[in-house]
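Rule-based calculations on the coordinates, nothing more; no lab input. Every value quoted in this text rests on a predicted model; they were computed, and no experiment measured them. Cβ: placed from backbone, ideal geometry, glycine included. Neighbour counts: every protein chain shown.
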Amino acid sequence: MNNTDILEILTNGKSYESKKVNVAGWIRTARDSKTMAFLALNDGTSLNHLQIVIDKEKFSSEDLSSFMKTGASVSVDGTVVPAMKEGEYEINAEKIELLGDCPADYPLQKKFHTLEFLRTIPHLRVRTNTFNAMLRVRSKLSFALHRFFQENGFVYIHTPIITGSDCEGAGEIFRVTTQMYKDAMKATDEENYIANDFFRRKAGLTVSGQLEGEVAAMAMGKIYTFGPTFRAENSNTPRHAAEFWQIEPEVAFAKLPDIIQIAQSMIKYVIKAVLDECQSELDFFEKAFEKGLKEKLQNVVDSEFVILEYTEAIKILKEAKVEFQYPVEWGLDLQSEHERYITEKVFNKPVFVINYPKKIKSFYMKQNDDGLTVAATDLLVPGVGEIIGCSEREADYEKLKQAMVDRGMNLDDYTGYLDLRKYGSVPHSGFGLGLERIMMYVTGIGNIRDVQLYARTAGDLMA
Ligand code: 4AD
Ligand code: MG
């Protein structure tokens, strides 16, 4: 491999001027004129393409027709020269080697394809500008998240993917089993059937690394997890995937206001990183997906987020002059339409809704003194709704046990988790940020299926 990255030539072209280089990539467009031909070459290192200028006299017509094809891969030897536009550079080709032909049935012939169409060709959609920009932002964003936690003394913990507990208690677990389908169909005795399974007990894919994250935080103080989580949520929405990535910090000695501060600093930090490091990608998303995107992101970096009591949110929604599809009542969960009304219409910036009714939230959340609410918060953002689920954890053994009993949970599956409250319990808090949700927010891409390399949703194992 002796090719120079196209990004390097596009950004540091001056230092390559008049020098011979080799570049390699996929042809996005091939343009022909009488004496000259032009290739727009992309190697994935940059959203922008490098122009290859071909003097047709230097190439045989067979050669020309072999590589003048959208989608073909080529290796180009040539000289870096200034382009027409001040400050830009292109390559005068001397030798072009066809690496891989691309016949005319290549599906990405047009300049514009709908996202719906692209979902039918996940193995090729990565070669579009949208996915080039999306994947780079996803990479930068992920790395910025790591940086934020590493710079603040958090330890990165790898929590298990296969687990025996259901963190969110919503029954959305994918079973993990080695039993044959036909045996499962024959089994009449469930207990016996499970006792013969690989783990000798029920196992599933994790919905959240939180419970194991808490175990680690009770020794390491400040930890975070960052990995895939799975939910068999049978909801067909633009915001739910069956496989998505979560960042889950867990902080010993932190109470709800402390964890809210951490979440706010993290969001600002990573959005600033994307603004600084992904300028051409954001310009692209601004044009293609969301007008005002960069200004929106800059405002997030510059402003304080709103903190709003759930009770207050219900009051606002009741007074709203809007016909909601779902009822608004103290004690009911906020639906997506309610979340969006609050964050888009009322505040137009991120909002932490705090102190939800305990009946609609998970068993592990700290019960407030009012006996009705828990010290939990969801961070809502315009355009997407919930991107973070967060809470202080119940640190009292008896209260936690009662909350589990009230929900009909099998305490035997959670003895380790309960032990944390028995042996040196401390106040602690944590949250889960959905990576795809924040990706939707920073790119303006409206469907979760388009912010993942492959999306897994109910009824569709995109492949
Ligand atoms: O609010 P959730 O269910 O919270 C938890 O799982 C906690 N155990 C997190 C914690 O405190 N450590 O999920 C957290 C976030 C949501 O706010 C959302 O961003 C994302 O995960 N999320 C999903 N993203 C895509 N598809 C789905 N089906 C999602 N479900 C949750
Ligand atoms: Mg939630």
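Applying the condition of being surrounded by 21 or more Cβ atoms within 10 Å (Cβ to Cβ) and either basic (Lys, Arg) or within 9 Å of ligand 1 (Cβ to nearest atom) (or both) to segment 386-416 and asking which residue is farthest from the chain's Cα centre (by Cα) yields ARG393. Does segment 214-225 include one or more residues that are outside any loop (DSSP other than H, G, I, E, B), more than 24 Å from the chain's Cα centre (by Cα) and farther than 30 Å from GLY432 by Cα? For segment 214-225, residues outside any loop (DSSP other than H, G, I, E, B), more than 24 Å from the chain's Cα centre (by Cα) and farther than 30 Å from GLY432 by Cα: absent.
The single residue among ASP5, ASP43 that is closer than 25 Å to VAL137 by Cβ, surrounded by fewer than 19 Cβ atoms within 10 Å (Cβ to Cβ) and touching a helix residue (DSSP H, G or I) at 6+ places or on another chain (Cβ under 7 Å) turns out to be ASP43. Which ones in segment 91-126 are buried (at least 19 other Cβ atoms within 10 Å of the Cβ) and either in a loop (DSSP other than H, G, I, E, B) or of a type in the set (Lys, Arg) (or both)? Hit for segment 91-126 is ARG125, nothing else. Consider segment 146-203 and keep the residues that are β-branched (Val, Ile, Thr) and within 16 Å of ligand 1 (Cβ to nearest atom). The one that is farthest from PRO228 (Cα to Cα) is VAL155. Starting from residues that are of a type in the set (D, E, K, R) and within 16 Å of ligand 2 (Cβ to nearest atom), keep the ones in segment 408-438 and report whichever is farthest from ILE360 (Cα to Cα). The residue in question is GLU436. Being within 30 Å of GLN279 (Cβ to Cβ), away from ligand 2 (no atom under 16 Å from the Cβ) and without any contact (Cβ under 8 Å) to a residue 40 or more places away in the chain is true of GLU151. Would you check if there is a residue in segment 371-381 being surrounded by fewer than 24 Cβ atoms within 10 Å (Cβ to Cβ), in contact with a Ser or Thr (Cβ under 9 Å, 6 or more places away or on another chain), hydrophobic (A, V, I, L, M, F, W, C) and not in a strand (DSSP E or B)? The answer is no, given that none of the residues of segment 371-381 is surrounded by fewer than 24 Cβ atoms within 10 Å (Cβ to Cβ), in contact with a Ser or Thr (Cβ under 9 Å, 6 or more places away or on another chain), hydrophobic (A, V, I, L, M, F, W, C) and not in a strand (DSSP E or B).
Annotation note: of LYS19, LYS34, the sole residue that is touching a residue at least 60 places away in the same chain (Cβ under 8 Å), of a type in the set (Lys, Arg) and more than 30 Å from ILE448 (Cβ to Cβ) is LYS19.
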